[in-house]
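Remarks on the structure that follows.
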Amino acid sequence: MAVEQTYLMIKPDAVARGQVGRIVSRIEDTGLQILRMELATLTAQQAAANYAEHEGKPFYEGLISYITSGPVVKLLVSGEGAVAVCRKLMGATNPADAAPGTIRGDFGLSVDANVIHGSDSVESAEREVALFFG
């Protein structure tokens, strides 16, 4: 496997519930390296650019409203197969379907409040890193 970089974002619900440290520990426990980490509140423009593929879907407006509702933690993560490792670590999008031991399985409350976003490919990671870290 190649060394990759990926983008993760701890969402407002997890930040508000004080779950950041526990989630970051899980990422570090995989052996991946956190290259950059920032606390920020996303602008509507950043949120719209990140979730552009969902524009026009019934949940889009709520998603943009939610992701800009409070601070998030943006992470640039690197390591062997980082995208796949993070996808497996996060678990299924719906916490009800996520396995115990995954971030969403252990901390997620609902599909809407599923605590973490992660790039789904190296190409998405490149786009998201550029969007959120410049």
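For the range 86-105, a tally of residues being touching a residue at least 24 places away in the same chain (Cβ under 8 Å) and of a type in the set (A, V, I, L, M, F, W, C) returns 4. The combined condition, being touching a residue at least 24 places away in the same chain (Cβ under 8 Å), surrounded by fewer than 16 Cβ atoms within 10 Å (Cβ to Cβ) and more than 30 Å from M1 (Cβ to Cβ), is not fulfilled by A113. If you check A40 against the conditions, is it free of Cβ contacts under 8 Å to residues at least 24 places away in the same chain and under 14 Å from the mean Cα position of the chain (by Cα)? Spelling it out, it is not the case that A40 is free of Cβ contacts under 8 Å to residues at least 24 places away in the same chain and under 14 Å from the mean Cα position of the chain (by Cα). Report yes if G108 is of a type outside the set (S, T, N, Q), crowded, with 20+ Cβ neighbours inside 10 Å and free of Cβ contacts under 8 Å to residues at least 40 places away in the same chain, otherwise no. So G108 passes the test. Scanning the range 95-120 for residues that are at pLDDT 95 or above, under 21 Å from A47 (Cα atoms), in a loop (DSSP other than H, G, I, E, B) and touching a helix residue (DSSP H, G or I) at 6+ places or on another chain (Cβ under 6 Å) yields V115, S119.
Would you confirm whether any residue within the range 32-47 is in contact with a strand residue (DSSP E or B) (Cβ under 8 Å, 6 or more places away or on another chain), of a type in the set (S, T, Y) and more than 20 Å from A125 (Cβ to Cβ)? Yes, the range 32-47 has at least one match.
The values are calculated or read from the model by the stated rules, or taken from the named source; none is laboratory data. No experiment lies behind these values; they were computed from the predicted model shown. Because the Cβ atoms are built from the backbone with ideal geometry, glycine has one as well, and the counts that use them run over all protein chains shown.
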